[in-house]
Amino acid sequence: PCLRRLCSSIAEKTGKVLGEFCRCYKEQYGVALFNSVRYEIEGNGGPQAQLLHRKVPLEDHVIYSGNLFQYIEENKKWRNRFCVVPHNYGLVLYENKMAYERDLPPRVLVNSAGYKILTSVDQYLELVNSSLPGVTPKSGHSPILKCPTDFPLILWHPYARHYYFCVMTGKEQEKWRAVFQDCVRHCNNGISEDSKVEAPAFTDAVRMYRQSKEQYGTWDMLCGNETQVLSNLVMEELLPELRTTIGPRLKGKAQERQRTWIQISDAVYRMVYEQTKAQYDAAMAKCEEERPQMESTIRTDMDQIITSKEHLASKIRAFVLPKAEVCVRNHVQPYISSILEALMTPTSQGFAEVREVFFKEVTDMNMNIVNEGGLDKLVEHMEKLSHLAFHPVKMQSCYEKMDQLKLEGLQQRFDVSSTSVFKQRAQIHMRQQMDDAVYTFETLLHQELGKLQGKDDLCKSIQRILERVLKKYDYDSSTVRKKFFREALLQITIPFLLKKLAPTCKGELAKFQELIFEDFASFILVENTYEEVVLQSVMKDIMQAVKEAAVQRKHNLYRDSMVMHNSDPNLHLLGEGIPIDWGEEYSGQPEAEPATDKRRRAKQVVSVIQDDEGVLHYKAGAEAVLQPGSPEPRELDPGAPPSSPDGVEEIREALVKESLGDGVEAEEQLTNAVPASPVPGADVLSEARVPHAAPASPAPGAKTPSPSAGMACHQPSDKETGEEVAPPGSECSPLQPAGTTESGERVQTEF
């Protein structure tokens with residue numbers, strides 16, 4: 001009965017939050033649709049980009065793959081796992097490489113949106129200790145986690161389950177950290193910018209909902225796809241109540257209570273996610289159903305809607321603008337230049353590093369062609385260069401420039417909870433600009449190849465094209481950075497102004513509602529118009545600050561008046577052509593490749609990481625850095641008997657043996673020096689159901705899935721939660737961790 005009441009309370013609270021949000025979403029949907037149609041009709045584009053944009057950057061490629069150790073919470077053991085990061089940046093963990101190549105179901109699928117990557121157990125313990133106030137292990141007691149090596153990699157999330165990995169060397173740790181951070185960065189950016197109606201409607205609805213709760217400023221958990229963001233929104237309100245209700249009832253030692261709390265939080269998050277997805281999908285479907293009629297009204301009455309909105313804005317402006325201008329003059333204007341300088345320095349250094357990395361890669365390629373000769377070498381290098389933007393390690397020197405971003409003093413003044421939202425946004429721009437530069441370079445070079453005579457001509461052409469592309473990059477990167485600075489300044493200052501003005505302005509807004517015709521009420525909102533007026537009050541100062549920085553040529557910014565005329569009028573037409581496959585086109589292989597061979601090649605580990613110093617030669621941690629046709633590392637023998645050392649010292653000895661050992665080795669089971677006993681307090685959760693439990697791995701002698709099932713079945717799509725579908729008839733608890741295998745290991749699913 002207590003459990004049923006708890007589940008009912010969670011569902012009720014979730015439904016209440018989602019009900020309020022969906023009302024906001026419906027309102028914002030009409031406004032976003034109107035803005036989209038108006039933009040389509042009037043047009044208001046900025047400077048034309050000089051670089052080409054690749055449509056499908058990583059089709060049929062794997063970002064990275066390799067072995068690492070994962071800690072399995074259910075049986076307190078460390079196990080070797082083969083990790084694959086497909087083009088959509090999901091983390092897919094297999095039993096071993098053989099399981100991946102045989103198309104067996106993965107053990108774990110992780111969408112890493114909202115996670116933080118930690119490389120220290122102490123960092124992790126600090127976050128865990130703060131998650132359940134009043135529950136801190138006494139000194140001398142075993143912590144919640146022990147790592148058998150000095151190189152852990154921990155994925156921490158405030159609500160969902162945590163993941164524990166370790167590797168053998170610091171170099172490996174840095175490499176995997178770069179890969180994991182790339183996954184987080186990509187998955188956090190889960191709301192498609194291609195959607196001109198749904199995306200702005202959603203983000204504005206989230207902002208309006210949080211402002212209705214007096215929560216202004218940036219929000220760290222606006223990450224992932226729409227359902228993940230909404231789940232975070234619910235959990236932000238739900239978790240404090242659960243902590244008060246459940247926390248005192250947890251039994252056992254401090255570490256056991258912490259472990260149980262993490263499992264409960266994860267189970268609740270899954271419940272919330274399922275309910276959120278269903279309710280949000282229904283709200284979206286309803287809006288989509290009404291869209292044709294709304295769009296017809298907008299197109300028919302566009303002029304009247306614009307006139308009505310301008311009339312409303314003039315009335316609100318007369319009331320709000322004097323107060324807003326005083327607030328801007330006293331509280332915002334003195335700090336704009338400081339905020340801009342703090343943003344400009346690391347961002348511009350990052351973009352300069354992108355330019356430098358691109359220049360170095362192309363120059364090195366050109367030197368290799370001079371020394372080693374010919375088209376064959378060019379093809380080999382171009383296949384690597386084409387994925388440079390998605391090489392986590394080579395791009396790391398660009399990304400880490402943003403770690404210098406500090407808004408000391410300003411962060412507290414303007415209620416900026418964290419600078420991470422600005423860091424990740426700038427890093428995404430860097431990756432996009434790098435890929436645009438690379439794609440433009442390879443398109444221009446591909447066009448030239450048929451006209452070249454000999455190696456000398458090829459090298460001169462590469463140098464000439466590089467210089468052209470760098471000029472285009474300088475122009476585009478200036479445009480992108482200026483836009484980023486303006487948007488970041490608005491993100492910092494507008495919530496601050498709205499909060500300052502709320503006591504004197506917000507209560508008076510209702511009287512303006514009568515100025516809106518009922519027929520247009522779906523497309524004009526008083527609250528949105530009020531925010532536009534507040535934005536106008538500070539926009540002039542922001543534009544002026546960015547303009548002055550460009551006039552002074554600070555950080556290589558171009559003036560707004562400088563327009564780069566298109567010196568390659570047909571370049572954008574070239575970018576619309578068929579994507580270039582350097583390997584197939586110039587390798588001399590037959591054009592018609594059997595479908596089975598092509599599929600097999602796509603399934604293999606096609607890593608875009610090239611480790612010039614070679615792989616580390618040990619079975620459990622060596623990365624597979626293969627291109628099609630390269631030799632595969634030896635497989636682990638799934639039939640060899642596993643061993644289970646019991647202490648951290650023994651674990652380390654086992655890892656050393658594994659790193660130095662000869663021949664085919666068994667998968668090592670590494671215990672965490674903690675007895676595998678039931679978690680006290682877990683019985684509280686034993687009666688409930690989990691919506692989606694993942695299938696357990698086949699038992700010995702069981703029938704394995706056919707290889708024809710295909711890897712594609714197991715790669716999480718860009719919008720998937722990363723969950724595996726439960727086999728028919730399986731039932732588990734929504735407040736209980738997902739089912740375990742016979743060995744006690746959870747077959748984990750993730751959002």
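The values are calculated or read from the model by the stated rules, or taken from the named source; none is laboratory data. Note that the structure is predicted; figures quoted are calculated from it, not measured. No Cβ is skipped: glycine too gets one built from the backbone with ideal geometry, and neighbour counts run over all protein chains shown. These area figures cover heavy atoms from the full protein model, side chains too; ligands, DNA and RNA do not enter into them. Shrake-Rupley method; radii C 1.70, N 1.55, O 1.52, S 1.80 Å.
Are any of the residues in segment 166-178 without any contact (Cβ under 8 Å) to a residue 40 or more places away in the chain, of a type in the set (G, A, S), on the phi < 0 side of the Ramachandran plot and assigned to a helix (DSSP H, G or I)?
The answer is yes, given that some residue of segment 166-178 is without any contact (Cβ under 8 Å) to a residue 40 or more places away in the chain, of a type in the set (G, A, S), on the phi < 0 side of the Ramachandran plot and assigned to a helix (DSSP H, G or I).
Scan segment 56-78 residue by residue and report those that are farther than 19 Å from A178 by Cα and either of a type in the set (V, I, T) or crowded, with 22+ Cβ neighbours inside 10 Å (or both).
Of everything in segment 56-78, those that are farther than 19 Å from A178 by Cα and either of a type in the set (V, I, T) or crowded, with 22+ Cβ neighbours inside 10 Å (or both) turn out to be V56, Y71, I72, E73, K77, W78.
Just for segment 461-478: of the residues that are farther than 15 Å from T363 by Cβ and surrounded by 20 or more Cβ atoms within 10 Å (Cβ to Cβ), which one is nearest to the chain's Cα centre (by Cα)?
The selected residue is S477.
Considering only residues that are assigned to a loop (DSSP other than H, G, I, E, B) and more than 20 Å from R270 (Cα to Cα), look in segment 95-111 and name the one that is farthest from the chain's Cα centre (by Cα).
Top of the filtered list is R102.
Can you name every one of the helices (runs of 4 or more DSSP H) wholly within segment 505-595 that holds 2 or more residues which are modelled with pLDDT of 85 or more and either touching a helix residue (DSSP H, G or I) at 6+ places or on another chain (Cβ under 6 Å) or open to solvent by 80 Å² or more (accessible area, probe 1.4 Å) (or both)?
In segment 505-595, the matching helices (runs of 4 or more DSSP H) lie at 526-551.
If the Cβ limit is 6 Å and pairs must be 6+ apart or interchain, which residue in segment 404-424 that is within 18 Å of K116 (Cα to Cα) pairs with which residue that is of a type in the set (A, V, I, L, M, F, W, C) and not in a loop (DSSP other than H, G, I, E, B)?
From segment 404-424, the pairs are F422/A488; K423/M402.
For segment 362-375, which residues satisfy the criterion of being touching a residue at least 24 places away in the same chain (Cβ under 8 Å) and either open to solvent by 60 Å² or more (accessible area, probe 1.4 Å) or more than 22 Å from R431 (Cα to Cα) (or both)?
N366, I369, V370, G373, G374, L375
Does segment 250-265 contain any residue that is among the small types (G, A, S), under 20 Å from C7 (Cα atoms) and over 19 Å from the mean Cα position of the chain (by Cα)?
Yes, segment 250-265 has at least one match.
When both residues are 6+ apart or on different chains and their Cβ atoms are under 6 Å apart, which pairs have a first residue that lies in segment 124-148 and is in a helix (DSSP H, G or I), and a second that is open to solvent by less than 20 Å² (accessible area, probe 1.4 Å) and at pLDDT 85 or above?
If the second residue must be open to solvent by less than 20 Å² (accessible area, probe 1.4 Å) and at pLDDT 85 or above, the pairs left are Y124/L118; Y124/I154; V128/Q258.
For segment 390-460, list the helices (runs of 4 or more DSSP H) that sit wholly inside it and hold at least 1 residues that are open to solvent by 10 Å² or more (accessible area, probe 1.4 Å) and at pLDDT 90 or above; which are they?
Helices (runs of 4 or more DSSP H) meeting the threshold: 392-399, 420-448.
State which residue pairs qualify: first residue at positive phi and inside segment 513-542, second residue assigned to a helix (DSSP H, G or I) in any location, beta carbons under 8 Å apart, and separation of 6 or more residues or different chains.
none
Take segment 314-361 and flag every residue that is of a type in the set (V, I, T) and without any contact (Cβ under 8 Å) to a residue 60 or more places away in the chain.
Within segment 314-361, just V326 meets the criteria.
Filter segment 178-234 down to residues that are within 12 Å of F21 (Cβ to Cβ) and small (G, A, S), then give me how many there are.
4
Out of curiosity, is D220 under 14 Å from the mean Cα position of the chain (by Cα), open to solvent by 20 Å² or more (accessible area, probe 1.4 Å) and at pLDDT below 95?
Spelling it out, D220 is indeed under 14 Å from the mean Cα position of the chain (by Cα), open to solvent by 20 Å² or more (accessible area, probe 1.4 Å) and at pLDDT below 95.
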